[in-house]
Amino acid sequence: MSVDPDKMDLPSRPELFDFHGVSMIHGFTDNWENIQNFQARPDDILIATYPKAGTTWVSYILDLLYFGQTAPERQTSIPVYERVPFLEMVMPPMYTGLDLANNLPTSPRLIKTHYPVQFVPKSFWEQNCRMIYVARNAKDNVVSYFHFDRMNKAHPDPGDWSSYLHRFKEGKMVFGSWYDHVNGWWKKKQTYSNLHYMFFEDMVEDTGREIEKLCRFLGLSPSVEEKKQITSGVQFDNMKKNDMANYSTVPVMDFKVSPFMRKGKVGDWKNHFTVAQSEEFDEDYKKKMTDPTLQFRTVV
Ligand code: PPS
């Protein structure tokens with residue numbers, strides 16, 4: 001939906017506060033009771049990530065897999081953030097994510113969340129909904145988040161890179177600690193079988209292979225031609241120039257500061273971390289990431 005920025009009731013940048021043990025801003029907690037009472041349907045699909053881990057990429061892939069053939073007009077008329085509503089978002093005068101989700105005419109409904117696993121409304125679990133979690137290595141994730149927070153006026157001011165990096169390690173980010181987020185969802189996967197846990201780095205390495213895996217998880221069998229079309233349509237350069245996928249229609253984002261589709265790479269962290277910052281980060285990482293079964297790649 002296109003909204004005139006001058007008409008947006010945007011206060012100055014919001015402050016973080018502690019919400020049930022997680023750093024949050026009001027824009028994602030103000031609808032809490034209603035969100036917790038959300039009525040999921042058995043065929044709803046929840047796409048969950050820590051911010052900047054590949055949500056839009058996977059959302060767009062799923063939308064194409066489900067509706068690319070049957071409703072091609074969606075691709076040119078509805079931005080991805082309306083096709084796949086962001087459940088917890090409250091940002092007047094735009095619709096709330098909850099209203100968008102409740103009014104989705106599609107089946108299945110594709111729904112996005114950045115909530116840590118313990119915040120997910122209980123009906124999703126009760127209905128045994130399929131969930132897709134996308135994780136991205138911490139170093140690239142924090143770099144991407146830094147640039148996003150610079151350009152997104154709906155988030156707290158990121159300050160300089162070195163203080164931002166410090167706060168990331170402390171979990172003082174919108175949606176809290178990256179470490180808790182990726183570990184919490186990973187742990188859930190051990191007991192909840194309808195969860196597909198995937199990695200941004202694998203997507204960059206071989207998008208087609210990851211789409212195959214998604215299809216197997218979702219029980220979809222698109223034709224070879226369709227898979228080829230989707231794999232090509234969701235390549236970074238194509239999504240970057242696609243106004244229905246690149247967030248260029250969102251007024252709170254200042255693309256002159258940094259575009260939403262920024263680089264889409266693995267290893268851009270090397271252009272941001274000093275050697276000392278990288279070493280300190282790795283030391284701290286080892287202490288926090290103690291589960292040997294959850295491994296990330298920082299290069300591909
Ligand atoms: S958000 O705001 O949390 O929903 O952002 P999210 O979509 O999770 O993450 C944005 C980052 O994903 C990159 N991206 C891609 N990379 C490669 N290929 C494709 N198709 C693609 N689509 C999105 C996007 O560029 C952001 O990463 P950075 O590193 O900042 O470029």
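Whenever you get a sec, compute what percent of the accessible area on the stretch 181-276 sits on carbon and sulfur atoms (1.4 Å probe). Intermediate results must be reported in sequence, preceding the final value.
Details: 2500 of 4810 Å².
The nonpolar share, carbon plus sulfur, comes to 52 percent.
If you stretched the chain out fully between Ser193 and Gln118, how much longer would it get, using 0.36 nm times the residue separation minus the C-alpha to C-alpha distance?
On the way: separation 75, 0.36 × 75 = 27.00 nm, distance 1.65 nm.
Roughly 25.4 nm would be gained on extension.
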query: In deg cm²/dmol and to the nearest 500, what is the mean residue ellipticity at 222 nm of the chain if only DSSP H runs of at least 4 residues count, each as -39500 (n - 2.57), divided by the residue total?
result: -11500 deg cm²/dmol
field: Computed accessible area, Lys187, all protein chains, 1.4 angstrom probe, square angstrom
entry: 150 Å²
- line: For the chain, whose charge dipole is built from +1 on Lys and Arg Cβ atoms and -1 on Asp and Glu Cβ atoms, the candidate among Pro156, Leu16, Pro72 with its Cα farthest towards the positive end is Pro72
task: Would you mind pulling out the separation of the Cα centroids of the stretch 171-204 and the stretch 224-276, in Å?
output: 21 Å
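For the chain, what class follows from the C-alpha gyration tensor (a ≥ b ≥ c being the square roots of its eigenvalues): rounded when a/c is under 1.5, otherwise prolate if a/b is larger than b/c, else oblate?
Details: a/c = 1.28, a/b = 1.15, b/c = 1.11.
Rounded, because the longest to shortest axis ratio a/c is under 1.5.
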task: Summarise the accessible area of the stretch 76-172 (1.4 Å probe, protein heavy atoms) by the percent that is carbon and sulfur.
output: 51 percent
task: Name the residue, out of Lys112, Lys265, Lys228, whose mean-square fluctuation peaks in a Gaussian network model built on the chain with Cα pairs under 10 Å.
output: Lys228
query: Can you list the residues of the stretch 272-299 with backbone N under 17 Å from a point 7 Å past the Cα of Lys213, pointing along Cα to Cβ?
result: 293-299
query: What nm distance separates the two modelled labels at Asn103 and Lys228, each placed 7 Å from Cα along Cα→Cβ?
result: 4.0 nm
task: Give the range of the longest stretch in the chain that excludes all GluC sites (Glu not before Pro) found in loop regions by DSSP and having at most 14 other beta-carbon atoms within 10 Å.
output: 74-300
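The values are calculated or read from the model by the stated rules, or taken from the named source; none is laboratory data. Please read all numbers here as calculations on a predicted model, not as lab measurements. Don't worry about glycine lacking a Cβ; one is built from the backbone with ideal geometry, like all the others, and counts go over all protein chains shown. Note: areas computed on protein heavy atoms with side chains; ligands, DNA, RNA excluded. Shrake-Rupley method; radii C 1.70, N 1.55, O 1.52, S 1.80 Å.
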